[in-house]
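Worksheet: the structure to be examined is printed underneath.
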């Protein structure tokens, strides 16, 4: 069972109350709704699109689709990126009558060997008509908002020497370096609080994330938190990056661009790897070091060799916090057990009882933004996915576009910070002001 | 739960679906995307693109570097339509006297 650890009250902020699935839950102002929900025992938040398999938290960094909920009458919001403001009304979605007991879950058993929608019910035209009627009722994600938007977000234009995308260790270091050298610098970060993987690793943690964020601000970097780069449009005035924030849209124009978007946590391929209770190891780390929440008492870590140092650090921190930790190589895992939450992992030799499975894969470079700007990427298993191709100086294949940190291949927080500082210095030296 | 190995959780795409796609002759990453629907959900491939591409390399026996990503298009993340509603140059639908018509917001970059 997840629980809040003592000694973290100062970072949690004031106590507030949120309503999750019609139940009042004690939460804290500095927590995300997902963290509060997990700590209060909420397990299933929604159901998947096709088989109606139970869905819940996985990445805790706003990139997967696990924690989509309806908040204050607005559908499809990520619970891990929503702050716990008092009185917030949170509901699950995509299930009948509720996410925990969804009758449509029968689809999963009826189609246990999979469903090929290309040939499903296409043999008879009468059956096909009926099937389409049913499918139209079942499919789709969430329901429309209760009310139309009354206030439209404002549009702001930002002109800078350097735009850094991503506020993790690499991005914060790069932006601090360019701003210190006198280049006007904006940094865009999509999380509730910048810091990226620094907030997930027991070797760095919340304190270091806050220190590096504050160093960037002191150096003069305009740090935009909760701001997501949503697209690069090369045809517009030399190229504009559109950035979406809760109350505004930024149009960012820059002379030099630095992508420091890091890597996304990924799941690993083993049977029933999507069962609630299987969450990213980095999310387990984030809950522990950033929120003071121990996500499970008996944690089973499923890992690949590329992240062994990170897993060793996480396992030690979890053990210190009072958890019992078992480490399993991916190749040994043959399944998971449990109903609404995982209770065991099946291995080649038997089974390991647990109340949480932490999946440690190599993070996949977040390179789809650089791709829009014309940067070449290459699929590389060691790098974790499609890494941005850079030269020794950090230049990508697109003019005036640079990349540093995990987006160029997995490095880990400390090495990513060093890389960010190095590339920031190169941009100052070689990039046209 | 029925022992499925899920590669794309947004669209419930499994390893068996990928193998089926390849067996039907859809083995290019864009074809696999269109045939199985992977990468078309709320995460837009953030969690699954690398995983599917690496599995595709293994199944088809190609070197990883030979597999390109699928095309990346805006928006990079789910975006409420209201965020774009006031963008200078964007068309805005206004309802005046019961007749919907298209107007433009004020913006200094609009020149057509």
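Just so you know, all these numbers are worked out from the coordinates, no wet-lab data involved. Only a predicted model underlies this, so the values are computations on that prediction, with no experimental measurement involved. In this analysis, Cβ positions are derived from the backbone assuming ideal geometry, glycine residues included, and neighbour counts consider all displayed protein chains.
Remarks
- From the alpha carbon centroid of segment A:358-383 to that of segment A:28-83 is 25 Å.
- Cβ neighbours within 10 Å from other chains - mean over B:47-60: 5
- Cα extents for the protein assembly as shown along the principal axes, largest to smallest and rounded to whole angstrom: 65, 60, 54.
- Volume in Å³ per residue [convex hull over Cα atoms, computed for segment A:232-331]: 176
- Sorted largest first, extent of segment A:182-297 alpha carbons per principal axis (Å): 52, 34, 25
- Taken along its principal axes, the alpha carbon cloud of segment B:4-61 reaches lengths of 28, 19, 18 Å, longest axis first.
- Among A:155, A:252, A:359: highest mean-square fluctuation, GNM of chain A, C-alpha pairs under 10 Å: A:155
- Structure remark: mean-square fluctuation, Gaussian network model of chain A, C-alpha springs under 10 Å; the largest value among A:273, A:400, A:128 belongs to A:128.
- Computed over segment A:282-353, the ratio Rg/Rh where both radii use C-alpha atoms and Rh is Kirkwood: 0.97
- Euclidean distance between Cα centres, segment A:287-342 to segment A:407-433, Å: 31
- Reciprocal of mean inverse Cα separation for segment A:270-408 (Kirkwood radius, Å): 16.5
- GNM top mover of A:199, A:183, A:248 - chain A, alpha-carbon springs below 10 Å: A:248
- Computed over the protein assembly as shown, the per-residue total of -39500 (n - 2.57) for DSSP H runs of n ≥ 4 gives a 222 nm mean residue ellipticity of -7000 deg cm²/dmol, rounded to 500.
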